[in-house]
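What follows is one structure encoded as structure tokens, with my remarks underneath.
The values are calculated or read from the model by the stated rules, or taken from the named source; none is laboratory data. Just so you know, these numbers come straight off a predicted model, no measurement behind them. Virtual Cβ from ideal backbone geometry, glycine too; neighbours counted across all protein chains shown.
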Amino acid sequence: MYKLITVTALLSVFIGNAWAETDAEKGKAIAIESDRRDTGFVDFTVQMTMELINRKGVKSDRVMRQKIIEREGGDKSIVVFDFPRNVKGTALLTHSHIDDDDQWLFLPKVGRVKRISSSNKSGSFVGSEFAYEDMSSQEVEKYTDYLLLKTEPCGDLMCNVIQRRPVDEDNSGYSKQILWVDVDEYRVQTIQFFDFKKAHLKTLTFSGYQQYAGQFWRADKLAMVNHVTGKSTNLIMKDYQFKVGLKEVEFRKKSLARVR
Amino acid sequence: MKFQFTMGLVLSLFAAQVSAVDISGWASFEAIGFVHQGQDPDQRNNSVSFALQPEFFVELEGGKNSFLFVPFYRFDGNDKARTHADIRELKWTFIGDDEWELHVGVGKVFWGVTESLHLVDIINQTDLVENPDGEEKLGQPMINLALVKEWGTIDLFLMSGFRERTFPGKTGRFRSIPFVDTDHAIFEAKNKQAHVDWAVRYSHAFGDWDVGLYHFSGTSREPLLAPVINRNLEVVLVPIYNLIDQTSIDVQSTKGAWLLKLEAITRSGQGERFFASVSGVEYTFNGVFSTQADVGIIMEYLYDDRGNKAATPFEDDLFVGMRVAFNDTQDTDLLAGMIIDLSRHSRTFSVEANHRINDNLQASLQGQIFENTRKDVVLDALRDDDNVRLDLKYYY
């Protein structure tokens, strides 16, 4: 969450004078405002269930826990797997940065902490339709060429429709993304992902938004549909706890080996 | 009455403190098929075996204190030495307020970065009867104090209750010729297993570089083997456990899809001081052939300056391997590798595949081939042990 209060204040002025901006500036301003509203959460924990559904509708579940601490220059997170049982205790530590993240994987079977390459942004996260880049922290600076396309109704709400392009063209799986962001609370409602042939690859739909700690909006369900393979993944979030007093020391490599 | 009251009070106090209790584990069925008869007529052929490893975990005060117990048992129909029990872990962990943690009890610690050989990994003894690849370890009694600082982690270890390496018995496969008689091990330390070993390790991630340095002083986990004649007038090998001093470094640099790795040790106490290393690279291709699969190519060079006198067969060897992660819902993966001895020309091939059949059941298939082992004494004992191993694990 890279930002300065003065910059934000300045941008608020810009938003106030939206008529004076280009669509590119408006698009970026929406992304910055959405990010600003989610700044200051300090830390949170959440229980996650991933339902992987294949073309025939056969389901397979992954259960995991995540904890995140907010940091200047990039958040730090740990995901611990609980199910299926053979991967129980496997944990992924991520120190996010604007460029490549630092990632370590803990393999409980051998007690080994392994630094892994994070350049695999387009790769599937645990066999799901979510790529690593979809799961990682969504910093404004990870994208470029923001553009406000239009404003239109999205369900019961009104949404700004913005386009963005990943900065890391070499490793990202997307040529562009189109986001529907509601005008009231700047919550992402839908993301469409496009591959390098400009074909519509996937759609991610957020639902069941709830507000936590009097400020932060989180969706209960993220539904990703892959239009090419016909497969889909539902990510169901439960038991969000904000400002639980996590310490930075819990997000070091050494601590990973005792996360259970 | 009073007892019941006290018990009730203790239990409720305990319950109030307990923030998580978790019981899990696995049970496994394993079958190994051999292509050839054993080199030694005493060795049996195909084997069937069962193993259990439950895990009990209790967390108190939101994780400040925790307790872990992981016993292990294997029954093997062919080899008495392979039927064995172990405490893999039995430890209490205390997390200090800020930047320290304390682990007391039987623990498991892994150090290192390379794939073909875990040269710097020294805290735990190898449970060699489990698998000739040496990946399985015995629990080690220890006190481990870790200082987790901004500038890196310092781990201090005090260890006693030395664990002797397990070796396949007379009727077992994957063994030396003659077999190792573990009842007559020789220790350099006067107080044998009670000798106190210590180790200090510094580790830290400097940007893309993960670095670890340590010094270990105590009884060598890797024994030398000496031939003797036992009471039955058989020639057997006995393990000799010398006191050693070992200094070591492990480094990994993570540059995009490239991983550069180095493990190196220098050890004194087993004859002349020697140097050994494993160094190499790993490169991962993501989403090959427009699938979700990742393919990693690994190349490592294994060196030991004792040359032909080395206790391991890896004195001038090249490892070439390939890892495929299919990224499917069953987490299917495959690891195939080949170790070529550049000076003695032996070749070892190995393949391992894992596939989850359902939420609880995982199958793994392993195979090994030993070729042209003539000039390599250690490997030549395995020349007739080409095998296929199926392991079915039920996780709960």
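Across the stretch B:277-295, which residue is surrounded by the fewest Cβ atoms within 10 Å (Cβ to Cβ) among those that are small (G, A, S) and modelled with pLDDT of 95 or more?
Within the stretch B:277-295, the first condition is being small (G, A, S), and the residues that meet it are B:277, B:279-280, B:287, B:290, B:293.
From what is left, the residues that are modelled with pLDDT of 95 or more are B:277, B:279-280.
Values: B:S277: 21, B:S279: 17, B:G280: 22.
Once the filter is applied, the top-ranked residue is B:S279.
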Total residues in the stretch A:206-243, condition part of a loop (DSSP other than H, G, I, E, B) and either in contact with an Asp or Glu (Cβ under 6 Å, 6 or more places away or on another chain) or of a type in the set (K, R) (or both): 3
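For the stretch B:104-136, what are the residues that are in a strand (DSSP E or B) and touching a Phe, Trp or Tyr at 6+ places or on another chain (Cβ under 8 Å)?
At the first step, the residues of the stretch B:104-136 found to be in a strand (DSSP E or B) are B:104-107, B:126.
Those that are in a strand (DSSP E or B) and touching a Phe, Trp or Tyr at 6+ places or on another chain (Cβ under 8 Å): B:V104, B:G105.
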Selection status of B:T312, under 30 Å from A:V228 (Cα atoms), modelled with pLDDT under 95 and either within 14 Å of chain A (Cβ to nearest Cβ) or not in a strand (DSSP E or B) (or both): no
Tell me, which strands (runs of 3 or more DSSP E) lie completely within the stretch B:194-242 with 1 or more residues that are modelled with pLDDT of 95 or more, within 29 Å of B:A146 (Cβ to Cβ) and basic (K, R)? B:197-206
Filtering the stretch B:220-271 down to residues that are within 14 Å of another protein chain (Cβ to nearest Cβ) and either buried (at least 18 other Cβ atoms within 10 Å of the Cβ) or in contact with a strand residue (DSSP E or B) (Cβ under 6 Å, 6 or more places away or on another chain) (or both) yields B:D250, B:V251, B:Q252, B:S253, B:T254, B:A257, B:W258, B:L259, B:L260, B:K261, B:L262, B:E263
Yes or no: the stretch B:78-97 includes at least one residue that is within 12 Å of another protein chain (Cβ to nearest Cβ) and in contact with a helix residue (DSSP H, G or I) (Cβ under 7 Å, 6 or more places away or on another chain). yes
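Within the stretch B:332-344, can one find any residue that is farther than 29 Å from B:R267 by Cβ and crowded, with 18+ Cβ neighbours inside 10 Å?
yes
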Taking the condition touching a residue at least 12 places away in the same chain (Cβ under 8 Å) and closer than 30 Å to B:G269 by Cβ, does B:A310 pass? yes
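Collect the residues in the stretch A:205-245 that are within 11 Å of chain B (Cβ to nearest Cβ) and closer than 16 Å to A:T45 by Cβ, keeping them in residue-number order. Lay out the reasoning, then the answer.
First, pick out the residues of the stretch A:205-245 that are within 11 Å of chain B (Cβ to nearest Cβ): A:226, A:228-229, A:231, A:233, A:244-245.
Of everything in the stretch A:205-245, those that are within 11 Å of chain B (Cβ to nearest Cβ) and closer than 16 Å to A:T45 by Cβ turn out to be A:V244, A:G245.
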Selection count where residues are in contact with a Ser or Thr (Cβ under 7 Å, 6 or more places away or on another chain), surrounded by fewer than 19 Cβ atoms within 10 Å (Cβ to Cβ) and under 14 Å from A:A31 (Cα atoms), scope the stretch A:140-163: 0
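Which one of B:E55, B:E99 is closer than 28 Å to B:S28 by Cβ, without any contact (Cβ under 8 Å) to a residue 60 or more places away in the chain, out of contact with any His (no Cβ under 7 Å at 6 or more places or on another chain) and of a type in the set (D, E)? Steps first, please.
Details: B:E99 fails: closer than 28 Å to B:S28 by Cβ.
One residue alone meets the criteria, B:E55.
Determine if the stretch A:56-66 includes at least one residue that is part of a helix (DSSP H, G or I) and either closer than 18 Å to A:R218 by Cβ or among the basic types (K, R) (or both).
Checked the stretch A:56-66: no residue is part of a helix (DSSP H, G or I) and either closer than 18 Å to A:R218 by Cβ or among the basic types (K, R) (or both).
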Going by the conditions given, is A:Q103 within 9 Å of another protein chain (Cβ to nearest Cβ) and either part of a strand (DSSP E or B) or closer than 30 Å to B:L52 by Cβ (or both)? yes
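Which of the residues that make up the stretch A:57-79 are more than 12 Å from every other protein chain (Cβ to nearest Cβ), of a type outside the set (G, A, S) and over 17 Å from B:N327 (Cβ atoms)? Lay out the reasoning, then the answer.
The initial filter retains those residues of the stretch A:57-79 that are more than 12 Å from every other protein chain (Cβ to nearest Cβ), namely A:57, A:64, A:66, A:68-79.
If we keep only those that are of a type outside the set (G, A, S) too, we end up with A:64, A:66, A:68-72, A:75-76, A:78-79.
Of everything in the stretch A:57-79, those that are more than 12 Å from every other protein chain (Cβ to nearest Cβ), of a type outside the set (G, A, S) and over 17 Å from B:N327 (Cβ atoms) turn out to be A:Q66, A:I68, A:I69, A:E70, A:R71, A:E72, A:D75, A:K76, A:I78.
Pick from the stretch B:77-90 the residues that are in contact (Cβ under 8 Å) with a residue 40 or more places away in the chain and assigned to a strand (DSSP E or B): which of them is nearest to B:P168 (Cα to Cα)?
B:H84
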Odd one out for A:N171, checked against (1) touching a strand residue (DSSP E or B) at 6+ places or on another chain (Cβ under 9 Å); (2) surrounded by 14 or more Cβ atoms within 10 Å (Cβ to Cβ); (3) not aromatic (F, W, Y): (1)
Taking the stretch B:248-291 and the residues there that are out of contact with any Phe, Trp or Tyr (no Cβ under 7 Å at 6 or more places or on another chain) and outside any strand (DSSP E or B), the one that is nearest to A:D100 (Cα to Cα) would be B:G256
